[in-house]
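S.K.: There's a structure below that I have some questions on.
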Amino acid sequence: MASDGARKQFWKRSNSKVPGSIQHVYGAQHPPFDPLLHGTLLKSTPKVPTTPVKAKKVSTFQEFESNTSDAWDAGEDDDELLAMATESLNSEVVMETAHRVLRNHSQRQSQPSQKEMPEPEPQPITEPSVAPSGDLRLVKSVSESHTPCPSESTSDPVPLQRSQSLPHSATVSLSGTSDPNALGGSALSNREASRLDKFKQLLAGPNTDLEELRKLSWSGIPKPVRPITWKLLSGYLPANVDRRPATLQRKQKEYFAFIEHYYNSRNDEVHQDTYRQIHIDIPRMSPEALILQPKVTEIFERILFIWAIRHPASGYVQGINDLVTPFFVVFICEYIDQEDVDEVDVSSVPAEVLRNIEADTYWCMSKLLDGIQDNYTFAQPGIQMKVKMLEELVSRIDERVHRHLDGHEVRYLQFAFRWMNNLLMRELPLRCTIRLWDTYQSEPEGFSHFHLYVCAAFLVRWRREILEERDFQELLLFLQNLPTARWDDQDVSLLLAEAYRLKFAFADAPNHYKK
């Protein structure tokens, strides 16, 4: 009975606020409380007694709720927040900060711009400066204070938007340059410079931390340090700085010993078919302006022929030739200034440098192929298995696309075989392939395992266009000629982010994509 009496008296004994009292949550959805903006609301909101009205006898929760209002009083919460702000903030510091922000903003506004701002708009900027110091507790950000109402912004778009409060999110055009009107351009270049400094510091140590280097390289490697980073991540160079010169010298000497021993046999009957196929495939590669230079053609022929002779289990298979290009381009860009690879003239590169680049390219390509050699053995079982896994994965992540392809009798082998065989090199511009390989070399089993999720994300990326096609021939033509000519690093980064999400969801749970 005592416990029954205690239960009956529960609502009467609760003199404090009921748990769950509504208060402002300050974060992504609610900006900090601004007394300048909400001051009138505080004055107009009537005070509600903070002590619950004693009821004659509370028998039900509904009666208690009707007699109790303090737990839902927003005005009291605002008063408490304002009092807390008064105690915790120094008004002089806040005023000084506010004046400095407004002064900097006024100077930026006074600079000439393409479109003149309407004259009535600067008025709200000066209002906080004349407000009493006692009322200015919290200051809103510049971008939030001057964001126009929808009705005001319909005719003249105001450039004072998100770029001021988020300087790193400058809009990047398809050409890879920042929007000249975006205020984050300099911040973006500062961020790139900061990343380059991090790479240089990491590489300057006596023993490079390869795990840390992989983490830093996942989101892209700056061009000046890409050659040395690729050599380290591929396992070609040791982490110890003192051992690198001797390793380079030994591996380069070993490669040219292979050439001296094997290359003269290219016209022998046993090897002439291999050499003839290599000789035919190289002119089909891209970029043509680089590959068709006689010196480059000879380098590629030697690299591919030596690799085929030293790996008789697979020999030379069409598609391997494409895997030489990224390494060669990255390593030669260390010695030239041209941004456009098509304009590179290797005749200006010293012969000794070209010899070293050739040897480095051979060994790095060999390291890559060691992890995916089953893609190129008889019947190419590695590719067959990966295409099957891609089909199962897409059927789980986007069943509508999968059913659409199946309904029009489009088989995954008809378009995805090349994706696996050439590692998407025929689907993306070379600059995008190099960026993609930055991440592949940072991922454990990036070329053999992570590539599957990149292909899945790549296919789903064209979901709308695929579903619009209603014919087998049109579907296949589209999938074999995807419109990626204007892609840049930002597009590749989005693709990799989606691929990582898929890997996180499915890689350690293969039964999730098995029917």
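S.K.: Name the residue, out of 438, 406, that is in a helix (DSSP H, G or I), touching a helix residue (DSSP H, G or I) at 6+ places or on another chain (Cβ under 6 Å) and of a type in the set (Asp, Glu).
M.R.: 438
S.K.: Something else about it: Checking the condition closer than 16 Å to residue 421 by Cα, in contact (Cβ under 8 Å) with a residue 40 or more places away in the chain and surrounded by fewer than 21 Cβ atoms within 10 Å (Cβ to Cβ), which residue from 472, 447 passes?
M.R.: When all the criteria are applied, what remains is 447.
S.K.: Does any residue of region 341-358 turn out to be more than 29 Å from the chain's Cα centre (by Cα), open to solvent by 10 Å² or more (accessible area, probe 1.4 Å) and in contact (Cβ under 8 Å) with a residue 60 or more places away in the chain?
M.R.: Scanning region 341-358, I find at least one residue that is more than 29 Å from the chain's Cα centre (by Cα), open to solvent by 10 Å² or more (accessible area, probe 1.4 Å) and in contact (Cβ under 8 Å) with a residue 60 or more places away in the chain, so the answer is yes.
S.K.: Could you say whether any residue in region 237-252 is among the small types (Gly, Ala, Ser), under 30 Å from residue 435 (Cα atoms) and not in a helix (DSSP H, G or I)?
M.R.: yes
S.K.: Here is a further query. Taking the condition of being among the β-branched types (Val, Ile, Thr) and closer than 16 Å to residue 252 by Cα, how many residues in region 340-376 meet it?
M.R.: Number of matching residues: 3.
S.K.: With the structure loaded, tell me whether residue 426 is open to solvent by 10 Å² or more (accessible area, probe 1.4 Å) and within 16 Å of residue 318 (Cα to Cα) or whether it fails that test.
M.R.: For residue 426, the condition - open to solvent by 10 Å² or more (accessible area, probe 1.4 Å) and within 16 Å of residue 318 (Cα to Cα) - is met.
S.K.: For region 250-275, name all the residues that are surrounded by 12 or more Cβ atoms within 10 Å (Cβ to Cβ) and of a type outside the set (Ser, Thr, Tyr).
M.R.: Within region 250-275, 251, 252, 254, 256, 258, 259, 266, 271, 272 meet the criteria.
S.K.: Report yes if some residue within region 335-347 is modelled with pLDDT under 90 and touching a Pro at 6+ places or on another chain (Cβ under 7 Å); otherwise report no.
M.R.: There is at least one residue in region 335-347 that is modelled with pLDDT under 90 and touching a Pro at 6+ places or on another chain (Cβ under 7 Å).
S.K.: Out of the residues in region 282-338 that are open to solvent by less than 60 Å² (accessible area, probe 1.4 Å) and aromatic (Phe, Trp, Tyr), which is farthest from residue 376 (Cα to Cα)?
M.R.: 331
S.K.: Only one of (1) out of contact with any Asp or Glu (no Cβ under 7 Å at 6 or more places or on another chain); (2) not in a loop (DSSP other than H, G, I, E, B) is not met by residue 382, so which one is it?
M.R.: (1)
S.K.: Please go through region 202-228 and pick out each residue that is among the polar types (S, T, N, Q) and either surrounded by 13 or more Cβ atoms within 10 Å (Cβ to Cβ) or under 16 Å from residue 435 (Cα atoms) (or both).
M.R.: 208, 217, 219
S.K.: Restricting to region 332-362, name every residue that is touching a helix residue (DSSP H, G or I) at 6+ places or on another chain (Cβ under 6 Å) and farther than 20 Å from residue 259 by Cα.
M.R.: Scanning region 332-362 gives 332, 334, 335, 341, 342, 344, 346.
S.K.: Please determine, by comparing only the residues of region 484-503 that are open to solvent by 80 Å² or more (accessible area, probe 1.4 Å) and either under 17 Å from residue 445 (Cα atoms) or β-branched (Val, Ile, Thr) (or both), which one is nearest to the chain's Cα centre (by Cα).
M.R.: Among them, the one singled out is 500.
S.K.: Just wondering, is there one or more residues in region 416-423 that are open to solvent by 10 Å² or more (accessible area, probe 1.4 Å), among the charged types (D, E, K, R), without any contact (Cβ under 8 Å) to a residue 40 or more places away in the chain and under 30 Å from residue 468 (Cβ atoms)?
M.R.: No: zero hits.
S.K.: Considering only residues that are of a type in the set (Ser, Thr, Tyr) and closer than 23 Å to residue 305 by Cβ, which ones fall in region 348-394?
M.R.: 361, 362, 366, 376, 377
S.K.: Taking the conditions exactly as written (open to solvent by 10 Å² or more (accessible area, probe 1.4 Å) and under 20 Å from the mean Cα position of the chain (by Cα)), does residue 381 satisfy them or not?
M.R.: Taking the combined requirement at face value, the residue does not satisfy it.
The values are calculated or read from the model by the stated rules, or taken from the named source; none is laboratory data. Here the structure is a predicted model, which means the values were calculated and not measured. With ideal geometry, Cβ positions are generated from the backbone for all residues, glycine too; neighbour counts draw on all protein chains shown. Surface accessibility is based on the protein's heavy atoms, side chains included, excluding ligands, DNA and RNA. Shrake-Rupley method; radii C 1.70, N 1.55, O 1.52, S 1.80 Å.
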